[in-house]
Amino acid sequence: MITMVYCMECGKELSEDARYCSKCGASVKASEWEEFQVSADDLVGRVKELISEGNVSRLIVRNERGDSLLEIPVTVGVIGALFVPYLAALGAIAALATRCTIAVERRLPV
């Protein structure tokens with residue numbers, strides 16, 4: 001597991017002891033990032049599994065080169081019918097990519 005600190009507003013990578021983002025000035029909140037390498041065939045299933053865990057606040061899908069393909073804000077409102085367009089986009093990404101990285105932002109207990 002890779003622990004990284006990112007600004008929740010603009011996504012800039014920050015030092016672990018940062019209290020504010022040096023790019024946008026936002027306050028840094030307690031979160032943790034993990035990255036998973038998955039094949040395109042497993043992409044949709046793995047995203048559904050991660051969302052069902054309940055403590056995920058954002059998912060970013062990247063291609064083999066590290067380019068962001070899709071960012072999914074995970075809130076209570078996204079689950080259900082509002083999540084269907086994201087699943088369709090994930091299916092299209094899976095058809096075009098061979099391997100993907102899923103970056104997962106998790107809320108840390110306060």
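The values are calculated or read from the model by the stated rules, or taken from the named source; none is laboratory data. All values derive from a computational prediction rather than experimental measurement. For neighbour counting, all protein chains shown are included, and Cβ atoms are generated from backbone atoms with ideal geometry for every residue, glycine included.
Restricting the first member to segment 60-85 and to residues that are at negative phi, and the second to residues that are part of a loop (DSSP other than H, G, I, E, B) and at pLDDT 85 or above, the beta-carbon pairs closer than 8 Å and six or more apart or on different chains are LEU69/ASN63.
For segment 9-63, a residue qualifies if it is small (Gly, Ala, Ser), in a loop (DSSP other than H, G, I, E, B) and at pLDDT below 80, and the qualifying residues are GLY11, SER15, ALA18, ALA26, ALA30, GLY54. Cβ separations smaller than 8 Å between residues 6+ apart or across chains give the following pairs from segment 40-51 residues that are touching a residue at least 12 places away in the same chain (Cβ under 8 Å) and basic (Lys, Arg) to residues that are outside any helix (DSSP H, G or I) and crowded, with 19+ Cβ neighbours inside 10 Å: ARG46/ILE102.
Taken over segment 9-39, the criterion of being touching a residue at least 60 places away in the same chain (Cβ under 8 Å) and under 13 Å from the mean Cα position of the chain (by Cα) is satisfied by SER31, GLU32, TRP33, GLU34, GLU35, PHE36, GLN37.
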